[in-house]
């Protein structure tokens, strides 16, 4: 079992270029199926979730090769429409292959997706939207069997601005006859990036970034080249690490507009934040202060994916901060592990109250999900003494060599094989509060 060994208390300084966005490249990889051509995807991060998507593409018949940070996908040879259960279970974003495979082949056979356990995340909006476009979908337990004689454009009203449903319907609409209008669409920057990729291959897509996305289907689709935008959540994580460690860090390759709600929190906590069009620099001015309530919300609100790293940074603050998680019902699993590091956090339902403590201390902890694991790394960097973070299979889903990036900024961190034999050492837990 691999762990991250972290000796905290080191001030982080320097500049980094952030990786390509996980939440952008995954729908783009699914979209590469739609064209039946060659897609050159630049700034493609080397992540476990990218590997999982690549495995699905290869199973469907695509050929792939990586050249540095560029992934080249040829979807011309696609010759099947099924995705095995073991591949679907690797990640939540595997559901995006539903719309892409159905649009490309006229059928799709797969199971419900896996990913981090963050509470119920039904795909009802995906299915109802595809049915409105003419798909016949039968569900038996966790298995989905889908077919269509031809998708048709229509108007779809989402009851909530679901990112995954918006992306899935955009992919399916590219090969549908006529015009598809998606109302109450998600507005995340990753949706805009997907639109850019689809346009590069010749699709007609308008409105991404607003509440209404319009796709004119059946356009000729061709080879394309597209560079993935910078990862705003990875950027937020490294800024949180700088804030927690009393550091001075510049993150390049990301739009400051995509981080405004996160940097606003750190400014309120006492950090100095300087933004340029494609970079953000954060200088921490000593111990952070507690801030006003932090409510997670769909973009442009505070991102749920940044909740855990920001909470970890504020665990050692002066005063109190209240977090309200409005997106997922079970996204405080990292709180139990933060308590092992000495954090004073109480939870009740969707509310977490962080009482700042004078200092955190080293401990053995385990990541139970992707962003919660990143939060544990942030806390360990600020803690006094040595920590060991297990569960790296979660962190590696969304962060490219996180230990290398942080070490370059001055962190005392390394990845190593654990020699400990006690199976309970990294069990989930902590005390029973909250």
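Each value in this text was obtained by applying a stated rule to the coordinates, not by laboratory testing. Remember, predicted model here, so these are calculated numbers, not experimental data. Virtual Cβ from ideal backbone geometry, glycine too; neighbours counted across all protein chains shown.
At a glance:
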{"read-out": "Computed label-point distance, nm, for sites residue 348 and residue 15 using a 7 Å Cα→Cβ extension", "value": "4.8 nm"}
{"read-out": "Additional length obtainable on full extension of the chain from residue 140 to residue 210, 0.36 nm per residue less Cα span", "value": "21.7 nm"}
{"read-out": "Spatial separation of Cα centroids for region 368-414 and region 251-291, in angstrom", "value": "20 Å"}
{"read-out": "Inter-label distance for residue 63 and residue 79, nm, one decimal - labels placed 7 Å from Cα along Cα-to-Cβ", "value": "1.3 nm"}
{"read-out": "Taking 396, 412 and counting other C-beta atoms within 10 Å, the order from fewest to most", "value": "412, 396"}
{"read-out": "Overall form of region 327-417 per C-alpha gyration tensor (a/c, 1.5; a/b vs b/c)", "value": "oblate"}
{"read-out": "Within the chain, helix-based [θ] at 222 nm, where runs of 4 or more DSSP H residues each add -39,500 (n - 2.57), nearest 500", "value": "-9000 deg cm²/dmol"}
{"read-out": "The chain: angle of helix 232-244 to the longest principal axis, Cα-based, in degrees nearest 10", "value": "0 degrees"}
{"read-out": "Order of 347, 159 under a 10 Å beta carbon neighbour criterion, fewest first", "value": "159, 347"}
{"read-out": "Length added when fully stretched, residue 419-residue 324, from 0.36 nm per residue minus Cα-Cα", "value": "30.3 nm"}
{"read-out": "Three-way shape call for region 25-104 based on the alpha-carbon gyration tensor, with the a/c threshold at 1.5", "value": "oblate"}
{"read-out": "Per-pair calculated FRET efficiency, R0 = 56 Å: residue 384 and residue 157 via Cβ, rounded to 0.05", "value": "0.60"}
{"read-out": "Relative packing of 197-203, 141-147, 294-300, 162-168, which averages over residues the other C-beta atoms within 10 Å, highest first", "value": "162-168, 197-203, 294-300, 141-147"}
{"read-out": "Nearest-ten-degree value, helix 22-35 long axis tilted from longest Cα axis of the chain", "value": "10 degrees"}
{"read-out": "Cα gyration tensor category, rounded, prolate or oblate, for region 179-241 with a/c compared to 1.5", "value": "oblate"}
{"read-out": "Region 22-227, relative contact order in percent, only Cα pairs under 8 angstrom and at least six apart counted", "value": "21 percent"}
{"read-out": "Distance histogram in 20 Å bins (all Cα pairs of the chain, percent per bin)", "value": "27, 55, 18, 0"}
{"read-out": "Helix 163-173 vs. the chain, principal-axis angle (Cα, 0 to 90°, nearest 10)", "value": "20 degrees"}
{"read-out": "Simple spin-label estimate for residue 149 and residue 276 in nanometres, 7 Å along Cα-Cβ", "value": "5.9 nm"}
{"read-out": "Most to least packed among 250-258, 305-313 [average Cβ atoms within 10 Å]", "value": "305-313, 250-258"}
{"read-out": "DSSP bridge pairs, the chain: antiparallel proportion in percent, nearest 5", "value": "70 percent"}
